[in-house]
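Before I ask anything, here is the structure I am working with.
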Amino acid sequence: MSIKLEHLNYIYSQGTAYEKKALNDVCLEIPHGEFVGIIGHTGSGKSTLIQHLNGLLRASSGELYYNGENIYREGYDMRKLRNEVGLVFQYPEHQLFEIDALTDVCFGPKNQGLSPEECRERALEALRLVGLKEKYYQSSPFELSGGQKRRTAIAGVLAMRPKVLVLDEPTAGLDPKGRDDILDQIAYLHEKSDMTVILVSHSMEDIARYADRLIVMNKGAVMYNDEPKKVFEHYRELEEVGLAAPQVTYIMHDLVKRGMSVRTDVTTVAEAADEIMRTLVHHCTNS
Amino acid sequence: MIRDITIGQYYPAKSMIHRLDPRVKLVCTLLYLVSLFMFRSISGYLIATLFLAAVIRISRVPFSFIVRGLKPIVMLLMITVLFNLFLTRNGEVLFHAWIFTVTEGGLVTAVYMAVRLIYLIIGSSLMTFTTTPNELTDGIEALLHPLNKIHVPVHEVAMMMSIALRFIPILLEETDKIMKAQIARGADFESGNIIQRAKSMIPLLVPLFVSAFRRANDLAMAMEARCYRGGEGRTKMKPLRYKCRDYAAYIVMIAYVVFVVAVGRMLPLHVWIF
Ligand SMILES: Nc1ncnc2c1ncn2[C@@H]1O[C@H](COP(=O)(O)OP(=O)(O)OP(=O)(O)O)[C@@H](O)[C@H]1O
Ligand SMILES: [Mg+2]
């Protein structure tokens, strides 16, 4: 159970004056059950990359294997692939259309051919997961606030119970609490149901907190593909391509510069606090 | 998928044609379209073809790009050809089977009609390929300016046109995005009978309309915030001015029209069949 990309290239509007190479020789392997973060500056090809994962875009050249099967093979069942790889687009609230939130979330399961009761059951479960208050289930999606719309849209994909969940900046424009809520729920789902999660984000902090592995995109190519800790060691190179390491990485590097022997590969605030405490305690007991 | 529609799209290139004043291009396109219906002989068609080929060449728009713009009218073209082919009864009978009769006159009309339609589309899309929508509306506004005297709101109409044109690519992009999002949720836009297909468009059309209204609203706000209040007393940052090359283009165009009409009328109709 894995997704494997081999020498994937993608060119937008091929053969016209607007030709634009968006992916450049991307090779990746995403094993089942991993939580992968994808980061990269604006226009680096993140959204383009993830649209390949469920066959919405077809690579200009290169191969993509899902569970060992080449999805570009003649007669490959794309519907099945799309049932298993759920994709939440950037600004997914723009896709809502039904008369109320609950019915909208039912759209995915209905297309999977489930019975109305089953659809409803799944929709309720998904809406609970994303934390939409029950009083909004019957309201028109156009009357909801931005954050509530976002939750509804994410629930729309979760209700399909994908084996692989791909999210394109699901938290852009949400308040800090809403952001943490949604990410925590996704992390919980990942733990509980062994779902592969691929999260595109602009926040190094979020990625550092949740992801097992971090893929850095630059100009359509994969620049780093490693554990977040290891990637953040290259914080100077990251800065050169318009990105940055989490804030704590900078603090730790500064502390080292000032003579404190802390580890620099911590990535979250909690870890950093522990590490500083440890060093301080160590320091005091020694002197 | 949906981006293949090229009619009404600008093709950026540096060419003589691109640099012409939009008024020139509008007038010349109109003249060319009219000229297509002013002759009936093969020699006229030859000249019109040569002229169009020359302009395409000078404009540096790739031929493949232009041909792609013809795809949407293939259906229309077929219908026209078939109707002309079977319904025109004129001259010698070439073919007869059951209720279908093809006459020599029918065949000629069908071919001529098809060629005219194709040139019509190529001619007008060549104008939009070489003129940005902004230039185009500027040109239309300037050309229609005299109508202001009889209280036609020329500026407002031009503004509406430029907004509409500006929104075409945005809405296409939006359609593409929403379509993908719904396909990702298992929507099926392709299979089923006509009623099922119409129904399957709802998940696409509702968000599209919502987004179009949202954008229109935003745009109106932004225009008000900048104190837009119509054409009266409004000046232009880049007023249109004719240059030498524009006069030259007019002269070439008039020469072509005179020539094609004269030659096309003088030479007889059936030269092309031996
Ligand atoms: N539909 C399209 N047609 C043509 N070019 C496109 C299209 N979509 C994206 N591009 C181009 O492809 C490149 C990659 O775009 P993509 O949307 O994948 O970037 P991204 O990494 O998701 O950026 P962001 O962080 O802003 O979402 C960009 O340079 C963009 O201009
Ligand atoms: Mg993106």
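All of the numbers you see were taken from the coordinates with simple rules; none came from a lab. Treat the numbers as computed from the prediction; the structure is a model and nothing was measured. Every residue, glycine as well, gets a Cβ built from its backbone with ideal geometry; the counts of neighbours run over all protein chains shown.
If you build a Gaussian network model of chain A, linking Cα atoms that sit under 10 Å apart, which residue out of A:14, A:185, A:90 swings the most?
Result: A:14 has the largest fluctuation of those listed.
Next question, about the same structure. If amide hydrogens are placed 1.01 Å from N in the peptide plane, which non-local residues have theirs closer than 5 Å to the one on residue A:225?
A:216
For region A:199-210, just list the computed ³J(HN,Hα) in residue order, Karplus coefficients 6.51, -1.76 and 1.60, θ = phi - 60°, integers in Hz, with x standing in for Gly and Pro.
Running phi through 6.51 cos²θ - 1.76 cosθ + 1.60 with θ = phi - 60° gives 10, 8, 8, 9, 9, 4, 4, 4, 4, 4, 6, 10 Hz.
Additional query: Using a ≥ b ≥ c from the Cα gyration tensor of region B:127-274 (square roots of the eigenvalues), is it rounded, prolate or oblate, where a/c under 1.5 gives rounded and otherwise the larger of a/b and b/c decides, a/b for prolate?
On the way: a/c = 3.03, a/b = 1.30, b/c = 2.33.
Judged from the Cα gyration tensor, region B:127-274 comes out oblate (a/c at least 1.5, b/c at or above a/b).
Moving to a separate point now. For residue B:164 and residue B:95, calculate 0.36 nm times their separation in residues minus their Cα-Cα distance, and state this gained length in nm to one decimal. Don't skip to the answer; put the middle values down first.
Working: separation 69, 0.36 × 69 = 24.84 nm, distance 4.82 nm.
Net length gain for the segment: 20.0 nm.
Before anything else, pin down the relative contact order of region B:1-102: Cα pairs under 8 Å, at least 6 apart, normalised by residue count, whole percent. Intermediate values should be presented prior to the final figure.
Numbers: 40 pairs, mean separation 33.9, N = 102.
Here the relative contact order equals 33 percent.
May I ask you to order B:183-190, B:11-18 by the average number of other C-beta atoms within 10 Å around their residues, highest value first?
On the way: B:183-190: 19.0, B:11-18: 15.5.
My ranking of the peptides, most packed first, is B:183-190, B:11-18.
Sticking with this structure for a sec: Would you pull out the residues with amide H under 5 Å of residue A:112's amide H, same chain only if 5 or more places away, H placed 1.01 Å from N?
none
At 37 °C and 0.692 mPa s, what whole-number value in µm²/s does Stokes-Einstein give for the translational diffusion of the protein assembly as shown, with Rh from the Kirkwood sum over Cα pairs?
On the way: Rh = 28.5 Å.
Estimated via Stokes-Einstein, D reaches 115 µm²/s.
Given a Förster distance of 25 Å, report the FRET efficiency between residue A:219 and residue B:132 from their Cβ-Cβ distance, rounded to the nearest 0.05.
It comes out at approximately 0.30.
Here's another thing I want to ask about it. Fewest Cβ neighbours within 10 Å first, please rank A:204, B:266, A:223 accordingly. Display every interim value, and only then the final one.
Details: A:204 24, B:266 11, A:223 18.
Ascending Cβ contact count within 10 Å gives the list B:266, A:223, A:204.
Order the peptides B:46-54, A:75-83 from the highest to the lowest mean number of other Cβ atoms within 10 Å of their residues. Working shown, then result.
Details: B:46-54: 16.0, A:75-83: 14.4.
In descending order of packing, they fall as B:46-54, A:75-83.
Then there is this: Between residue A:13 and residue B:189, what is the FRET efficiency for a Förster distance of 30 Å, r being their Cβ-Cβ separation, to the nearest 0.05?
On the way: r = 21 Å, r/R0 = 0.71.
In this case the efficiency is close to 0.90.
Stretch residue B:172-residue B:115 to full length: gain in nm at 0.36 nm per residue minus the Cα-Cα span? Each step should come with its number before you reach the end.
Details: separation 57, 0.36 × 57 = 20.52 nm, distance 2.96 nm.
Going from the current span to full extension adds 17.6 nm.
Given +1 on the Cβ of Lys and Arg, -1 on the Cβ of Asp and Glu, and no further charges, what dipole in debye does the protein assembly as shown carry about its Cα centre, rounded to the nearest 20?
Numbers: 63 positive and 59 negative charges, 510 e Å.
The calculation lands at about 2460 debye.
In addition: List the relative contact order of chain B as a percent without decimals, with contacts defined as Cα pairs under 8 Å and 6+ residues apart.
Numbers: 244 pairs, mean separation 88.6, N = 274.
Averaging sequence separation for qualifying contacts and normalising by length gives 32 percent for chain B.
Assuming a ≥ b ≥ c are the square roots of the Cα gyration tensor eigenvalues, decide whether chain A counts as rounded (a/c under 1.5), prolate (otherwise, with a/b larger than b/c) or oblate. Walk me through the numbers before you get to the answer.
On the way: a/c = 2.09, a/b = 1.35, b/c = 1.55.
Note, shape of chain A comes out oblate.
Under the classification rounded if a/c is under 1.5, otherwise prolate if a/b is larger than b/c and oblate if not, where does region A:246-287 fall, given a ≥ b ≥ c as square roots of the Cα gyration tensor eigenvalues? If you can, show how the numbers build up before the last one.
Numbers: a/c = 3.19, a/b = 1.54, b/c = 2.07.
Taking the square roots of the gyration eigenvalues as a ≥ b ≥ c, region A:246-287 is oblate.
What residue among A:156, A:260, A:99 has its Cα farthest toward the positive end of the dipole of chain A, where the charges are +1 on Lys, Arg and -1 on Asp, Glu, each on the Cβ?
A:99
Just counting partner chain Cβ atoms within 10 Å, what average do the residues of peptide A:10-16 show around their Cβ? Could you put the intermediate results ahead of the total?
Details: counts 0, 0, 1, 2, 0, 4, 9.
Per-residue shielding by partner chains comes out at 2.
Arranged from highest to lowest average of other beta-carbon atoms within 10 Å per residue, in what order do the peptides A:255-261, A:175-181 appear? The partial results should precede the final answer.
Working: A:255-261: 10.4, A:175-181: 13.9.
For the peptides A:255-261, A:175-181, the packing ranking is A:175-181, A:255-261.
Another question about this same structure. My understanding is that a pair violates if its Cα-Cα distance is over 32 Å; which of B:180/B:238; A:21/B:238; A:229/B:177; A:21/A:177; A:21/A:229; A:4/A:192 do that in this structure? All intermediate terms of the calculation are to be shown ahead of the outcome.
On the way: B:180/B:238 40 Å; A:21/B:238 34 Å; A:229/B:177 35 Å; A:21/A:177 37 Å; A:21/A:229 30 Å; A:4/A:192 24 Å.
The pairs that break the limit, which is 32 Å between Cα atoms, are B:180/B:238; A:21/B:238; A:229/B:177; A:21/A:177.
How would A:53, A:165, B:33, A:199 line up from fewest to most surrounding beta-carbon atoms within 10 angstrom? Walk me through the numbers on the way to the answer.
On the way: A:53 22, A:165 25, B:33 15, A:199 28.
Least to most surrounded, the residues fall as B:33, A:53, A:165, A:199.
Rank B:223, B:38, B:179 by mean-square fluctuation in a GNM of chain B with C-alpha springs under 10 angstrom and give only the top-ranked residue.
Highest fluctuation among the options: B:223.
Also, quick follow-up: Residue-wise, which Karplus ³J(HN,Hα) couplings in Hz belong to region B:259-264, taking 6.51 cos²θ - 1.76 cosθ + 1.60, θ = phi - 60°, and x for glycine or proline?
Each residue of region B:259-264 in turn: 4, 5, 5, 4, 5, x Hz.
Sort largest first and round to whole Å: the equivalent ellipsoid semi-axes of region A:1-118, each the square root of five times a Cα gyration tensor eigenvalue. If you can, show how the numbers build up before the last one.
Values: eigenvalues 150, 72, 44 Å².
Gyration-tensor ellipsoid for region A:1-118: 27, 19, 15 Å.
Within straight cross-link reach of residue B:25, meaning Cα distance under 16 Å, which aspartates and glutamates are found once same-chain residues fewer than 8 apart are removed?
Reachable aspartates and glutamates: B:135, B:138, B:141, B:246.
State to the nearest 20 debye the size of the charge dipole of region B:75-171 about its Cα centre, where the only charges are +1 on K and R beta carbons and -1 on D and E beta carbons.
Numbers: 4 positive and 6 negative charges, 30 e Å.
The dipole of region B:75-171 has a size of about 140 debye.
What ³J(HN,Hα) values, in whole Hz, does the Karplus curve 6.51 cos²θ - 1.76 cosθ + 1.60 give for region B:98-114 when θ = phi - 60°, with x put for Gly and Pro?
6, 8, 9, 10, 10, 9, 4, x, x, 4, 4, 4, 4, 4, 4, 4, 4
Give me the aspartates and glutamates in straight-line cross-link reach of residue A:163: C-alpha distance below 14 Å, same-chain residues under 8 apart excluded.
Straight-distance partners of residue A:163: A:34, A:84, A:191, A:194.
Give me the inter-chain shielding for B:200-211: mean count of other chain Cβ atoms within 10 Å, whole number please.
Values: counts 1, 0, 2, 7, 2, 1, 7, 7, 2, 1, 5, 2.
Mean number of neighbouring Cβ atoms from other chains: 3.
Separate question: Residue separation times 0.36 nm, minus the C-alpha to C-alpha distance between residue A:230 and residue A:247: what's the value?
Working: separation 17, 0.36 × 17 = 6.12 nm, distance 1.53 nm.
Gain in length upon complete extension: 4.6 nm.
Going 7 Å from the Cα of residue A:284 in the Cα-to-Cβ direction, what parts of region A:245-268 have a backbone nitrogen less than 19 Å from that spot?
Answer for region A:245-268: A:260-263.
Another question, then. Report the Cys residues of chain A lacking a disulfide-compatible partner, meaning no second Cys Cβ under 4.7 Å from their Cβ.
If one checks each Cβ against the other cysteines of chain A, A:27, A:284 turn up with nothing under 4.7 Å.
Take residue A:121 and residue A:20, extend 7 Å from each Cα along the Cα→Cβ direction, and tell me the distance between the two endpoints in nm.
Taking the simple label geometry, residue A:121 and residue A:20 are separated by 4.5 nm.
Give the average, rounded to an integer, of partner chain Cβ atoms located within 10 angstrom of each Cβ in B:185-191.
Working: counts 20, 12, 6, 2, 0, 0, 0.
Partner Cβ neighbours, averaged per residue: 6.
Find the relative contact order for region A:246-287 and round it to a whole percent, using C-alpha pairs within less than 8 Å whose residues are 6+ positions apart.
Working: 28 pairs, mean separation 14.6, N = 42.
The normalised contact order for region A:246-287 reaches 35 percent.
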